[in-house]
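Please treat every number below as a calculation from the coordinates, not as lab data. All values derive from a computational prediction rather than experimental measurement. So basically every Cβ, Gly included, is an ideal-geometry build from the backbone, and we count neighbours across all protein chains shown.
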Amino acid sequence: MTPDKPGIAASLCGLALLAACTTSVPGTAVPPSPVDGLFVSCTIPDDALAAAGLDPASESVGFVGEQFTHAKLCSWDGPWYNIGIFAMTDTIEQIRAHPRYTGFRDVAINGRDAVLFRKAYDPRDELCFLGYSTRRGTILFHGIESALVEDGGDICVVVTEAARALDRHIPN
């Protein structure tokens, strides 16, 4: 059987026409960001934030205006503390291995395996973290006491309570 030369020619012409009809967009292609697809904690409903003791109107995106290349962060003020929720690409194992953190304790948050820990150098114990893994990255709750308050309480208790209250709004 011999190839149909007119059919091949027509197919090649059709491909040439398709190629000629494509349009190019000026500019540089931007690769996907590592944070694409991570949970955005800013989407937690205001009523859930208020029920967790946070002021929805105090929402801050990033950390003191700084955006991260490996995480998304929103935070809110409570009466004597600030709670931030990171969605990040770092794993719990990477966090455990980092010398910046210490005092790891396994905890359960509404059936999720989580870890509670502190910053290695925090002489006033005013920082506390709670993290757990999801299918789309790691969620990290970050609590910090207000510098204006002498002793508001145990910030790790506050972080744990906030995680339990807001967990249902965070995807598995």
ask   = With θ set to phi - 60° and the Karplus curve 6.51 cos²θ - 1.76 cosθ + 1.60, what are the ³J(HN,Hα) couplings of the stretch 130-143 in order, to the nearest whole Hz, using x for Gly and Pro?
value = 9, x, 8, 8, 10, 5, 10, x, 9, 9, 10, 8, 10, x
key: Cα→Cβ-extended label distance, 7 Å offset, between residue 161 and residue 46, nm   = 2.3
request  = Rank 103, 153, 91 by how far each Cα sits towards the positive end of the charge dipole of the stretch 41-169 (+1 on Lys, Arg Cβ; -1 on Asp, Glu Cβ) and give me just the farthest.
outcome  = 91
query = Tally Lys/Arg at +1 and Asp/Glu at -1 over every other residue whose Cβ is under 14 Å from the Cβ of residue 95; what's the total?
reply = +1
task = Please work out the FRET efficiency for the pair residue 172 and residue 148, using the Cβ-Cβ distance as r and a Förster radius of 35 Å; give the result to the nearest 0.05.
result = 0.40
note = Loop-resident trypsin sites (Lys or Arg not before Pro) in the stretch 117-156 with no more than 15 other Cβ atoms inside 10 Å, DSSP not H/G/I/E/B, are 124, 135, 136
note = Relative contact order as a percentage, the stretch 41-169, C-alpha pairs under 8 Å and 6+ apart, gives 23
Rounded FRET efficiency, nearest 0.05, which uses the C-beta distance separating residue 60 from residue 94 and R0 of 22 Å = 0.30
